[in-house]
Amino acid sequence: MTPTRFSPLQRGLHWLMAAAIIAMLFIGVGMVTTVQPRYLALIAVHKPLGIAILLLALLRIGVRLRRGAPPLPADLPPIQRFGAHASHLVLYGLMVAMPLIGWAMLSAGGYPVVLGGVLRLPPIAPHDDALQAVLRTAHTWLAYALFLTVIAHLGAALMHALIRRDGVFQTMAPWSRANRA
Amino acid sequence: MPPARDTASPPPAPPPRPGRTRQAAAFALIAAVCGLSATAFAYTGGWLSPDRLTPARIVDALSDRGGDPIGHRRNHSKGICFLGTFEASGAGTALSTASVLARGSYPVVGRFAIATGDPMAADASGRVRSLAVRIVAPDGQEWRSGMNNSPVFVVATPRAFYEQTVASEVDPATGHPDPKALAHFFATHPESAPFLAWAKTAPWTTSFADQQYNSLNAFRFIDASGASHPVRWSLVPTAAPQVEPVAALAAKGPDFLEQDLKARLARGPLTWHLVATLAAPGDPTDDATKAWPADRPTVDLGTLEVTTAQDEATGACRDINYDPTILPTGIAPSDDPLLAARSAVYANSFDRRTAELARHATAAGSAR
Ligand code: HEM
Ligand code: HEM
Ligand code: HEM
């Protein structure tokens, strides 16, 4: 039995994580370009929120593998179908990779990975210059790639909702059509 | 989350596709939403505000003060690593729950330096000397602190720090900073007067070992009841000062501090008392240019014992960022605006030097 919509849990996770990831992208580029006191507040949110995203992403992927996804409309051109699947893979990949890289680059930089108070994570990489340099650069460029993918995804979702009106948006919409009518 | 029957209801029949004008309007709307999101992101990331004071701009300015700092710290660029221990007296536990203050002995990786932008600077050119420590508690919590030998800092805000740094940049035409630029900076920054008075009158000495190093920024000790105590701390030397005129020091050669340190350590460890000074109500915690009155109560938190010196290129301190906001629970930053700026700027400086060292190692096929 193929579902026609994502489950409430899937939709809940999607929108919660959409908000969290967009917030992380803005917090990230905002904090590295400020020397104001808010720098400390932003980084103090960035680390625990990033790790929360990692945990949610793992849960989400688990749910996705078990529950599956509603099929795309049969009349969707193959190139768009490919684009949808490829971009979703990129989004899943980066929502796991970004927090892991953040965690690993702090480890490689010899920093304690403090999430707040006494909540600390063990290092997941050796304290190493070259590794820290690669990971720190990757954290920046993959964040930009994630942002561009999110924008493309947002544009595509709105295309489905406003132009194609093919029900794809409804599969993920936080509300249900029946309730709205 | 509204209840939704996911699999029970049949797929809804798609509504008719919109007409041409509606479609054009929808396209415009989508383009606007995506464009605005990208603009907001670019704005947040500072790409639309070239005047914003960013960590990168400060580090750029710090990098232009003479010498070749590539692969090195962009400030306090010339230094030497040390190993030692912090012997906590336990007296700090009344003020702070920090595990490094509980009676015990904790390993330290530290660094002595002079405040210069040039890793090859002559030691006699370093009016400000510094000591940085990373103290690690058995539970893994860390206390990192970078301290200077001046009794106050030269500026109170990141903006003023940046302006002072720009005024110290080397003019490529002359190979020297423009003396008029620094004079102008100090003439327009009266808050620097206490620092300048110290720089002019404090005796120069022959050693890192006889200096007192001060946190300058205020912090907060949080005790077991959750109460917060504003403090500054200092490492107070047990070695007597050996005063010499700066000209005599210059004559000892460019690296006399390192030579002195190694010679002293060959004879035995060097010690300092880590002393916390408690603020009285009304003492400024947000202005590092203002000393607190000398009669404030102090607590001897323990003894730093420095046992071994290591050259920086291969030493344990090289790859450490002594970010002063890396603190154990029980110690927290104050409202001093320099602290956030230091954290942000040190991270940028650290990221650059690790990347430069990595490139250098690849190019040379060896680790430096
Ligand atoms: C979805 C997850 C994450 C996203 C989208 C994200 C995004 C970003 C972005 C956009 C930046 C700015 C990069 C630049 O412009 O150079 C950044 C920096 C940073 N992120 Fe993340 N990040 C994530 C997770 C994490 C995690 C889990 C950690 C650590 C536990 C972390 C630690 C850092 C650090 C330390 C910086 C640099 C701060 C500085 O240099 O001042 N990030 N992040
Ligand atoms: C950081 C932000 C976002 C991330 C990481 C994200 C991620 C994802 C992923 C991975 C999927 C694929 C689900 C699957 O097939 O397993 C998806 C589907 C979807 N997303 Fe997002 N999303 C984000 C923001 C948005 C926004 C802002 C919108 C709408 C305006 C949106 C609308 C949709 C829709 C309609 C689907 C269903 C597509 C389909 O049926 O294949 N998403 N999202
Ligand atoms: C906004 C103000 C300040 C800025 C922008 C600044 C900038 C820097 C930078 C870029 C470094 C090199 C960091 C690295 O690559 O690891 C550094 C090192 C250092 N700074 Fe500051 N600094 C500021 C204020 C202070 C203050 C108030 C003190 C007071 C004690 C201080 C003490 C030190 C010390 C001791 C070091 C050397 C740490 C080591 O040996 O690794 N700085 N500073």
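The values are calculated or read from the model by the stated rules, or taken from the named source; none is laboratory data. No experiment lies behind these values; they were computed from the predicted model shown. Counting neighbours? That spans all protein chains shown, and the Cβs are built from the backbone with ideal geometry, glycine included. The area values use the complete protein model at the heavy-atom level, side chains included, leaving out ligands, DNA and RNA. Shrake-Rupley method; radii C 1.70, N 1.55, O 1.52, S 1.80 Å.
A few points about this structure:
- Cβ charges +1 (Lys, Arg) and -1 (Asp, Glu), total dipole of the protein assembly as shown, debye: 2700 debye
- The fraction of all Cα pairs in the stretch A:33-103 landing in successive 5 Å bins from 0 to the largest distance is 3, 13, 16, 17, 15, 12, 9, 7, 5, 2, 0, given as whole percents.
- Magnitude of the charge dipole for the stretch B:203-273, about its Cα centre and with charges confined to Cβ atoms of Lys, Arg (+1) and Asp, Glu (-1), is about 100 debye.
- Burial of 50 Å² or greater, the stretch A:2-49 residues [accessible area, probe 1.4 Å, versus chain by itself]: A:Thr4, A:Pro8, A:Phe26, A:Val29, A:Thr33, A:Val35, A:Tyr39, A:Leu40
- Compactness of the stretch B:271-368 was expressed as the Cα radius of gyration divided by 2.2 N^0.38 Å, which yields 1.47.
- Taking only protein heavy atoms and a 1.4 Å probe, the accessible area of the stretch A:8-174 is 77% carbon and sulfur.
- The mean sequence distance of close C-alpha pairs (under 8 Å, at least 6 residues apart), as a share of the length of chain A, puts its relative contact order at 25 percent.
- Angstrom value of the Kirkwood radius, inverse mean 1/r, which spans all Cα pairs in the stretch A:8-174: 17.4 Å
- Residues of the stretch A:134-170 with amide N under 17 Å of the 7 Å Cα→Cβ point at A:Val96: A:146
- Average accessible surface area per residue within the stretch A:8-174, 1.4 Å rolling probe, Å²: 46 Å²
- Which of B:Gln211, B:Ala358, B:Ala124, positive extreme of dipole for chain B (C-beta unit charges): B:Ala358
- Calculated on C-alpha atoms, the gyration radius of chain B divided by its Kirkwood radius gives an Rg/Rh of 1.11.
- Qualifying trypsin sites (Lys or Arg not before Pro) for the stretch B:78-180 [loop in DSSP, other Cβ within 10 Å: at most 16]: B:Arg103
- Cβ-Cβ distance of B:Ala202 and A:Ile61, R₀ of 56 Å, FRET efficiency by 1/(1 + (r/R0)^6): the value works out to about 0.35.
- Quarter of the Cα convex hull surface for the stretch A:80-177, i.e. its orientation-mean projected area (nm²): 8.6 nm²
- Computed from Cα atoms, the angle from the helix A:38-67 axis to the main principal axis of chain A rounds to 40 degrees.
- Rg over Rh [alpha-carbon atoms, Kirkwood Rh] for the protein assembly as shown: 1.06
- Loop-located trypsin sites (Lys or Arg not before Pro) in the stretch B:228-293, at most 16 other Cβ atoms within 10 Å (DSSP): B:Lys252, B:Lys290
- In this simple spin-label approximation, A:Ala23 and B:Arg359 carry label points 7 Å from Cα along the Cα→Cβ vector, and these lie 3.7 nm apart.
- Spin-label proximity, A:Ile124 to the stretch A:41-62 - amide N less than 20 Å from point 7 Å beyond Cα toward beta carbon: A:43-62
- Chain B: relative contact order as a whole-number percent, Cα under 8 Å and 6+ apart: 22 percent
- On a per residue basis, the stretch B:57-366 carries 40 Å² of accessible surface, using protein heavy atoms and a 1.4 Å probe.
- Put simply, chains B and A cover up around 4700 Å² of each other's accessible surface, both sides summed, when a 1.4 Å probe is used.
- Each Lys and Arg adds +1 at its Cβ and each Asp and Glu adds -1 at its Cβ; summed about the Cα centre, the stretch B:57-366 shows a dipole of about 200 debye.
- Chain B: DSSP helices with Cα axial extent of at least 27 Å and average Kyte-Doolittle hydropathy no lower than -0.5: B:20-44, B:337-364
- Taking 7 Å steps out from each Cα toward its Cβ at B:Leu278 and B:Ala294 produces label points 2.1 nm apart.
- Fluctuation leader among B:Asp139, B:Asp64, B:Asp255 - chain B, Gaussian network, Cα springs under 10 angstrom: B:Asp139
- The smallest convex shape that holds all Cα atoms of the stretch B:56-158, its convex hull, gives 147 Å³ per residue.
- Modelled spin-label separation between B:Thr188 and B:Tyr43, with each label point placed 7 Å from Cα along the Cα-to-Cβ direction: 2.9 nm.
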